[in-house]
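**Student:** Would you mind keeping the following structure in view while I ask a few things?
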Amino acid sequence: MKKISIIIPAYNEQESLPMLYERLTKLMNSMENYQFEILFVNDGSKDKTIEIIKKEILNSFRCDVEKFIL
C-alpha cells in the first residue's frame with residue numbers, strides 16, 4: 001500500500017480546522033488504497049488549535065499519526 005504524507009502548519013487555525021477536517025476526510029475516503037500520515041506542526045497557537053487537533057481530528061482520521069509536533 002502506498003503512503004501519502006501530509007504536513008499541515010497550524011498556527012491559530014481553530015476557525016479553519018473544521019473545513020480542513022471535512023476536506024481531508026473526503027480525500028482519504030476517496031483513496032482507500034492509500035495509507036496516510038498527517039503531521040500537524042503548531043508553533044505556539046494562542047487559540048484552541050491544539051485542543052481541536054488532539055480531541056476531534058486525530059481521533060477521527062483513518063491514518064497513522066506518527067508525530068505530533070507542538
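**Student:** Give me the orientation-averaged projected area of the Cα convex hull of the chain, in nm², one decimal.
**Tutor:** 4.2
**Student:** Follow-up. Residues with amide H under 5 Å of ILE38's amide H, sequence separation 5 or more or different chain, H placed in the peptide plane at 1.01 Å from N; which?
**Tutor:** Distant-sequence amide H within range of ILE38: ILE6, ASP64, GLU66.
**Student:** Count the net charge of all other residues whose Cβ sits under 15 Å from the Cβ of LYS48, scoring Lys and Arg as +1 and Asp and Glu as -1.
**Tutor:** Here the count lands on -2.
**Student:** Be a star and scan segment 4-38 for residues whose amide nitrogen sits under 11 Å from the point 7 Å along the Cα-to-Cβ vector of GLU56.
**Tutor:** Residues 14-22 fall inside that zone.
**Student:** To test your reading of the geometry: what angle, between 0 and 90 degrees and rounded to tens, separates the Cα axis of helix 17-30 from the longest principal axis of the chain?
**Tutor:** 10
**Student:** Let me ask you something else. So for the pair GLN14, MET1, with labels modelled 7 Å out along Cα→Cβ, what separation do we get in nm?
**Tutor:** The modelled label-to-label distance comes out at 3.4 nm.
**Student:** Which is the longest stretch in the chain that no exposed loop site breaks, taking sites as GluC sites (Glu not before Pro) with a DSSP loop state and at most 16 other Cβ atoms within 10 Å?
**Tutor:** Segment 33-65 is the longest.
Rule-based calculations on the coordinates, nothing more; no lab input. Every value quoted in this text rests on a predicted model; they were computed, and no experiment measured them. Neighbour counts are summed over all protein chains in view; Cβ atoms, including those assigned to glycine, are modelled from backbone coordinates with ideal geometry.
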